[in-house]
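Undergrad: My questions will all concern the structure given below.
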Amino acid sequence: MKYFRLSQDAVKVLADTYSTPLLVLSLEQIELNYNLLAENMPDVKIYYAVKANPDERIIRKLSALGGRFDVASDGEMRMLNELGIDSARMVYANPVKTASGLQVAHTIGVNKFTFDSESEIAKMAAAVPGGTVLLRIRVDNPRALVDLNKKFGAHPEEALDLLIKAQAAGLDVAGLCFHVGSQSASNEAYIDALKICRSLFDAAAEKGLHLRMLDIGGGFPIPTLTEEPDVAAMVTGIYATIKQYFPDTEIWAEPGRYICGTAVNLITQVIGTKVRNNQQWYFLDDGLYGTFSGVIFDHWDFELETFKTGKTIPATFAGPSCDSLDIMFRDKQTAPLEIGDLILVPNCGAYTSASATVFNGFAKTTIIVWEEVYEEIKAKLALATAG
Ligand SMILES: *Cc1c(COP(=O)(O)O)cnc(C)c1O
C-alpha cells in the first residue's frame, strides 16, 4: 500500500506559501486507513483512539465515515461532545478514571467503560450506576514498540473475581478488552489474547455471567524506517480468529496510530549548522518539544527525507529551543545539509502533534489539510514549470 507522501516540488511550494514548520494532513489517507480496517474486519465496530491525534478535522472525517471514538479524559469527551458526536459512539477506555472524567461521562451520557481493578468498580458504581463495563485483561507482547501492559490490564487469574464483583455492584458487565501494545509487529499477540478471552468467556458463563462484547484494542502498525507491515493480511488473520472463537460476540477495535500515523507529513527546515567535537550538528525549526515529541513519548525513529544526494555523514539533529534535552537524533546518517534546506518527515501523524508543547514560546506547528490546498499548490507548480 502506498501512503501519503508529498513530492519534493510540493514540499517547496508548500514551504514558500505557508512557511515552516508545517504539518500537512491528508483526510483521504485517513479515509483509506479507516476503510482498510473496516473492510477487512466487517462488523467490527471501530473506535478511533483520540489520544493518537485529536485534530478536529480527523474526528469529523471519521465521524462522517461512521466511526466511533475511544476517549480517555474529560477533555476528550467534552471536545467530541462539542463537535456533536453522540455519546453512544464513545467508550471511556481509561482503566483509571478521574472524578471529573466520570462526571463529564455522566453529564453527556457516555455509558461504556473499561476497568482493570477492584477500586475502579466502586468509583463507576457510584458515578455512573448501571454503566456498561469491559474488564481489561493483561496480555504480554514483547513485540510491541510501546508496551501498555506494563501499566494496564488485570491478570487473567483475577478476571472472574473482578467480573463478579462488578456485577454485584450493579454494573452491566458486558465483556472483556485488551490492548496488545502499540505498533505491534505481528498478529500473534492478538491471537493469543483472543484465546485467553475465549476461556474467560467460558469460565464466566459457567458462573452464570454471559459476556457479549469483546474489545481487541489498538496496536495496528504503520511503516517504520525498516519495515512496511502488511496490515490487511494482519487484520484478516485476526478477523478469522475472531470468527472462529467469537462468532456471536459484538467486537470492537480501538485503532489510533494506524488511522492517523500515515496521514500527516511534516515539512521542517534547517535553521542552523555547526560542528561540535568533530560531530556535525543541524538545528531544525521543529523539535523535541514539538512534533518530534514522539521521539520521547512514543520511542519513534522518524524518517528524514532531505532530497539531497551525496555521501552521507553521521549528524546530530536538534530542535529550536534553548534546552539541551531538545536533541532528536544522534549519529543519524544524512547527506550534508545547509541552512534553508527543507526536510520532509512522512508518517508523522500519530503521537506527534498530540504531545507537542509550546515550551520556550515556539507555537505548535500549524496543520493544514492537503485536499484543501491541493488545487492552489498544483496551480503554483504548473506556473513554476511553465516559467
Ligand atoms: C492508546 C490506546 C489505543 C490506541 O493504540 P494504537 O497503538 O495507537 O492503535 C487504543 N486503546 C487504548 C485503551 C489506548 O490506551
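The values are calculated or read from the model by the stated rules, or taken from the named source; none is laboratory data. Model, not experiment: these values are computed from the prediction. In this analysis, Cβ positions are derived from the backbone assuming ideal geometry, glycine residues included, and neighbour counts consider all displayed protein chains. Calculation scope for accessible area: heavy atoms of the full protein, side chains included, ligands and nucleic acids excluded. Shrake-Rupley method; radii C 1.70, N 1.55, O 1.52, S 1.80 Å.
Undergrad: Expressed as a rounded percentage, what relative contact order does the chain have, with Cα pairs under 8 Å and six or more residues apart?
TA: 20
Undergrad: Something else: What is the magnitude of the charge dipole of the range 246-342 about its Cα centre, with +1 placed on the Cβ of each Lys and Arg, -1 on the Cβ of each Asp and Glu, and no other charges, expressed in debye to the nearest 20?
TA: Values: 7 positive and 14 negative charges, 135 e Å.
I would put it at about 660 debye.
Undergrad: Top to bottom by accessible area (1.4 Å), largest first, where do GLU338, GLU206 land? Don't skip to the end; give the middle numbers.
TA: On the way: GLU338 115, GLU206 160 Å².
Sorted descending by solvent-accessible area, the residues read GLU206, GLU338.
Undergrad: Same structure again: Tell me the carbon and sulfur percent of the accessible area for the range 222-276, rounded to whole percent, probe radius 1.4 Å. Intermediate results must be reported in sequence, preceding the final value.
TA: Numbers: 990 of 2090 Å².
Answer for the range 222-276 is 47 percent, counting heavy atoms of protein chains only.
Undergrad: Would you kindly derive the ³J(HN,Hα) couplings of the range 262-279 from the backbone phi angles with the Karplus curve 6.51 cos²θ - 1.76 cosθ + 1.60 (θ = phi - 60°), listing them in order in whole Hz, with x for Gly and Pro?
TA: 8, 8, 10, 10, 9, 10, 10, 9, 6, 10, x, 9, 6, 10, 10, 6, 6, 10
Undergrad: Taking N as the number of residues in the range 138-277, what value does Rg over Cα atoms divided by 2.2 N^0.38 Å take?
TA: Values: Rg = 19.2 Å, N = 140, 2.2 N^0.38 = 14.4 Å.
Compared with the compact-globule rule of thumb, the range 138-277 sits at 1.33.
Undergrad: Another one. Rounded to a whole number, what is D in µm²/s for the range 211-327 from Stokes-Einstein with the Kirkwood radius over alpha-carbon pairs (10 °C, 1.306 mPa s)? Intermediate results must be reported in sequence, preceding the final value.
TA: Values: Rh = 17.7 Å.
Answer, rounded: 90 µm²/s.
Undergrad: Compute the convex hull volume of the Cα atoms of the chain, divide it by the residue count, and report the result per residue in Å³ as a whole number.
TA: On the way: hull volume 57.1 nm³, N = 387.
Looking at the chain, the number lands at 147 Å³ per residue.
Undergrad: Moving to a separate point now. Within the range 215-313, report the trypsin sites (Lys or Arg not before Pro) that DSSP leaves as loop and that have at most 12 other Cβ atoms within 10 Å.
TA: LYS311
Undergrad: Follow-up question, since we're still on this one. With a cut-off of 8 Å between alpha carbons and a minimum separation of six or more residues, what is the relative contact order of the range 262-386 in percent?
TA: Relative contact order of the range 262-386: 32 percent.
Undergrad: Go ahead and collect, in residue order, the members of the range 218-261 whose backbone nitrogen is under 19 Å from a label point 7 Å along the Cα-Cβ direction of LEU83.
TA: Counting backbone N atoms under 19 Å from the label point, the list is 218-219, 253-261.
Undergrad: Given labels modelled 7 Å from the Cα in the Cβ direction, how far is it in nm from ASP202 to LEU381?
TA: Between ASP202 and LEU381, the label points sit 5.6 nm apart.
Undergrad: Which of the chymotrypsin sites (Phe, Trp or Tyr not before Pro) found in the range 67-174 are loop residues per DSSP with 13 or fewer other Cβ atoms within 10 Å of their Cβ? Show your work: numbers first, answer last.
TA: Values: sites: PHE69, TYR92, PHE113, PHE115, PHE152; in loops: PHE152.
In loop regions of the range 67-174 (DSSP not H, G, I, E or B), there are no sparsely surrounded chymotrypsin sites (Phe, Trp or Tyr not before Pro).
Undergrad: Among 128-139, 229-240, 186-197, what's the highest-first ranking by average C-beta atoms within 10 angstrom per residue? Walk me through the intermediate numbers first.
TA: On the way: 128-139: 21.9, 229-240: 17.3, 186-197: 19.8.
So the peptides 128-139, 229-240, 186-197, ranked by packing, come out 128-139, 186-197, 229-240.
Undergrad: Is there a quick way to get the dipole size of the range 28-261? I mean about its Cα centre, with the Cβ of Lys and Arg at +1 and of Asp and Glu at -1; what is the value in debye to the nearest 20?
TA: Values: 23 positive and 31 negative charges, 81 e Å.
That gives the range 28-261 a dipole magnitude of about 380 debye.
Undergrad: So with the 1.4 Å probe, I'd like the accessible area per residue for the range 307-387, rounded to whole Å².
TA: Numbers: 4360 Å² over 81 residues.
Here the residues of the range 307-387 average 54 Å² of exposed surface.
Undergrad: Solvent-accessible area per residue for the range 157-292 at a 1.4 Å probe radius, Å²?
TA: Values: 5050 Å² over 136 residues.
Using a 1.4 Å probe on heavy atoms only, each residue of the range 157-292 averages 37 Å².
Undergrad: Here's something else I'd like to know. In Å, what Kirkwood hydrodynamic radius results for the range 262-386 from the alpha-carbon pair distances?
TA: On the way: mean 1/r = 0.0645 Å⁻¹.
Result for the range 262-386, one decimal place: 15.5 Å.
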